[in-house]
1. Filter the range 120-142 down to residues that are out of contact with any Pro (no Cβ under 6 Å at 6 or more places or on another chain) and without any contact (Cβ under 8 Å) to a residue 24 or more places away in the chain, then give me how many there are.
2. Under 6 Å between Cβ atoms, at least 6 apart or on separate chains: pull out the pairs that start in the range 189-204 with a residue that is closer than 16 Å to Ser281 by Cβ and without any contact (Cβ under 8 Å) to a residue 40 or more places away in the chain and end on any residue that is open to solvent by less than 10 Å² (accessible area, probe 1.4 Å) and hydroxyl-bearing (Ser, Thr, Tyr).
3. I need a count of the residues in the range 93-109 that are open to solvent by less than 50 Å² (accessible area, probe 1.4 Å) and either of a type in the set (A, V, I, L, M) or under 20 Å from His217 (Cα atoms) (or both).
4. Can you tell me how many residues in the range 268-285 are open to solvent by 60 Å² or more (accessible area, probe 1.4 Å) and part of a loop (DSSP other than H, G, I, E, B)?
5. Leu284: under 18 Å from Leu170 (Cβ atoms), of a type in the set (A, V, I, L, M, F, W, C) and in contact with a helix residue (DSSP H, G or I) (Cβ under 6 Å, 6 or more places away or on another chain), yes or no?
6. With the range 22-124 as the region, which strands (runs of 3 or more DSSP E) entirely inside it contain at least 2 residues that are out of contact with any His (no Cβ under 9 Å at 6 or more places or on another chain)?
7. Would you be able to say whether some residue in the range 65-79 is open to solvent by 10 Å² or more (accessible area, probe 1.4 Å) and away from the ligand (no atom under 13 Å from the Cβ)?
8. May I ask you to list the residues in the range 125-165 that are in a loop (DSSP other than H, G, I, E, B) and more than 24 Å from Thr255 (Cβ to Cβ)?
Amino acid sequence: MKLLITGASGLLGINLALEAMREHEVIGVDRGKLKSAPFQVLKVDLLHRNAVESILDSTQPDALINCAALANLEECEEYPDRARILNAEIPGELAAACVRQNIRFIHLSTDAVFDGTKDGFYTEEDEPNPQGIYAQTKLDGECTVQKANIQAIIARVNFYGWSLTNRRSLGEFFVNNLTEEKYVNGFTDVIFCPMLVNHTARLLLAMLEKNLSGLYHVVGAQAMSKYQFGIEIARKFGLKESHISPKSVEGSGLTAKRSHNLWLSIHKLSTELGSPIPQFSTGLDEFYTQYQQGYPQKLRGYQQ
Ligand SMILES: NC(=O)c1ccc[n+]([C@@H]2O[C@H](COP(=O)([O-])OP(=O)(O)OC[C@H]3O[C@@H](n4cnc5c(N)ncnc54)[C@H](OP(=O)(O)O)[C@@H]3O)[C@@H](O)[C@H]2O)c1
């Protein structure tokens with residue numbers, strides 16, 4: 001397959017491109033951050049006029065995976081118009097263009113579409129209730145994509161892993177700060193289902209190969225607090241767990257509101273894929289192995 005990946009410099013985009021190029025031809029869309037990446041790169045700003053048609057016309061892919069977004073919650077509060085265009089309008093345009101050109105389409109959404117007030121886990125049937133600009137624009141993106149392209153896969157994700165900047169994921173936050181012997185906070189009242197980004201990437205490719213379509217939760221198999229996640233990382237990397245203080249997210253000073261319970265069911269995904277979703281410990285083991293093998297440095301080497 002020829003795969004076009006937007007947001008190829010992002011946390012998911014770069015890892016997905018590297019995973020996909022093992023079996024597919026990969027073209028990444030990037031605004032200029034990538035240099036000497038081991039896959040073809042197309043330099044395009046998606047906010048530019050005709051960008052959507054131009055990337056598809058010039059590459060004619062079999063599938064497009066849209067990893068581009070304004071994914072920083074605080075920035076979305078600060079720049080709501082940009083968030084709306086990148087997270088809601090452009091996904092709709094990409095989805096419609098893929099229908100016209102007979103291209104498979106995967107769009108990335110978020111666990112944060114839920115308000116987190118439910119007891120227990122959320123399924124794909126549960127009603128979203130977004131709490132901030134990021135979550136609202138991501139939910140709007142789901143709607144524009146669904147409306148334009150009934151065959152599209154919409155994946156609500158949450159992942160951690162190594163990124164180009166070494167600063168993008170919560171996993172990197174704990175490893176970097178604890179390695180430098182710094183003290184950090186871990187939220188005890190934010191529950192989520194973290195998945196190693198490479199596992200997310202492999203699952204998205206498997207979903208494409210299985211010809212799935214529609215809305216899926218593509219998150220880790222185990223729910224835990226952000227504090228517990230930090231502790232698990234500290235233990236795995238042999239760092240000081242006592243440097244992580246258990247704190248509430250309320251009063252943390254973050255502008256964008258965080259949902260307390262983002263435990264999402266992965267039953268639909270595992271059933272339709274016909275295979276179990278990797279355990280949290282499997283992902284953490286691989287995150288650590290990547291670290292030992294110099295994967296973070298390799299990624300940083302692809303940056304301008
Ligand atoms: N990280 C998570 O755990 C998480 C959780 C839930 C949902 N998601 C969703 O998963 C997807 C990927 O997230 P991520 O964490 O990989 O995000 P990320 O690291 O912030 O990457 C976003 C990507 O979008 C690109 N982009 C932004 N504006 C652009 C523009 N005008 N033209 C072209 N590209 C542009 C960025 O390029 P530059 O590098 O040039 O800025 C970057 O490559 C997003 O849809 C996000 O909402 C992520």
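1. Residues that pass the stated criteria total 6.
2. none
3. 10
4. Matching residues across the range 268-285 total 3.
5. yes
6. Qualifying strands (runs of 3 or more DSSP E): 25-30, 40-43, 104-110.
7. Yes, the conditions are met somewhere in the range 65-79.
8. Glu125, Asp126, Glu127, Asn149, Ile150, Gln151, Ala152, Gly161, Trp162, Leu164
The values are calculated or read from the model by the stated rules, or taken from the named source; none is laboratory data. Since we're looking at a predicted model, the values are computed, not measured. All Cβ positions, glycine included, derive from the backbone under ideal geometry; neighbour counts span all protein chains shown. For accessibility, only protein heavy atoms count, side chains too; no ligands or nucleic acids. Shrake-Rupley method; radii C 1.70, N 1.55, O 1.52, S 1.80 Å.
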